[in-house]
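Asker: Can you keep this structure in mind? I'll have questions shortly.
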Amino acid sequence: MIRKTLIAVLLSLPLAALGVSPQTVVLDVQKMTCALCSVTVRKALEKVPGVSAAKIDYDKKTATVKFDAEKISPAVLIKATTEAGFPSRTHSTPKP
Ligand SMILES: [Cu+2]
């Protein structure tokens, strides 16, 4: 009985630990007015510890960021772009 419970706990652990799987968030970055802006935003995001990838879509004015949800939240990413001069907010609808 106790052993079964222990095994169940052990089996559920790796999944919980793997909850660190990278999350993706799409940010609206409206103030990007030229290609250089998107580079600035991307660099600002990539500098944040916990960010594994940042992709800017200049035409759509969005930044798609892969990050470690265990370490940071989208709020940290928004702060990073804002401090770089580009206030952002989370995109309302997720990408299809
Ligand atoms: Cu620019």
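The values are calculated or read from the model by the stated rules, or taken from the named source; none is laboratory data. Because the structure is a prediction, the values reported are computed rather than measured. So basically every Cβ, Gly included, is an ideal-geometry build from the backbone, and we count neighbours across all protein chains shown.
Asker: Can you pull out every residue in region 51-73 that is crowded, with 18+ Cβ neighbours inside 10 Å and either closer than 19 Å to residue 22 by Cβ or without any contact (Cβ under 8 Å) to a residue 12 or more places away in the chain (or both)?
Answerer: 51, 54, 56, 62, 63, 65, 67, 72, listed by residue number.
Asker: Just to verify a result, which residue in region 33-74, among those that are assigned to a loop (DSSP other than H, G, I, E, B) and closer than 15 Å to residue 91 by Cα, is nearest to the ligand (Cβ to nearest atom)?
Answerer: 58
Asker: Out of all the residues in region 54-67, which are among the hydrophobic types (A, V, I, L, M, F, W, C) and over 14 Å from residue 80 (Cβ atoms)?
Answerer: Residues satisfying the conditions do not exist here.
Asker: Continuing with this model, one more query. Checking residue 78 against (1) within 16 Å of the ligand (Cβ to nearest atom); (2) in contact with a Leu (Cβ under 9 Å, 6 or more places away or on another chain): exactly one of these is not met. Which one?
Answerer: (1)
Asker: Read through the list (1) more than 15 Å from residue 80 (Cα to Cα); (2) surrounded by 13 or more Cβ atoms within 10 Å (Cβ to Cβ); (3) modelled with pLDDT of 90 or more, then give the number of the only condition that residue 44 fails.
Answerer: Residue 44 satisfies all of (1) more than 15 Å from residue 80 (Cα to Cα); (2) surrounded by 13 or more Cβ atoms within 10 Å (Cβ to Cβ); (3) modelled with pLDDT of 90 or more except (1).
Asker: Is it the case that region 7-30 has a residue that's loosely packed, with under 10 Cβ neighbours inside 10 Å and modelled with pLDDT of 95 or more?
Answerer: No - not one qualifying residue is present in region 7-30.
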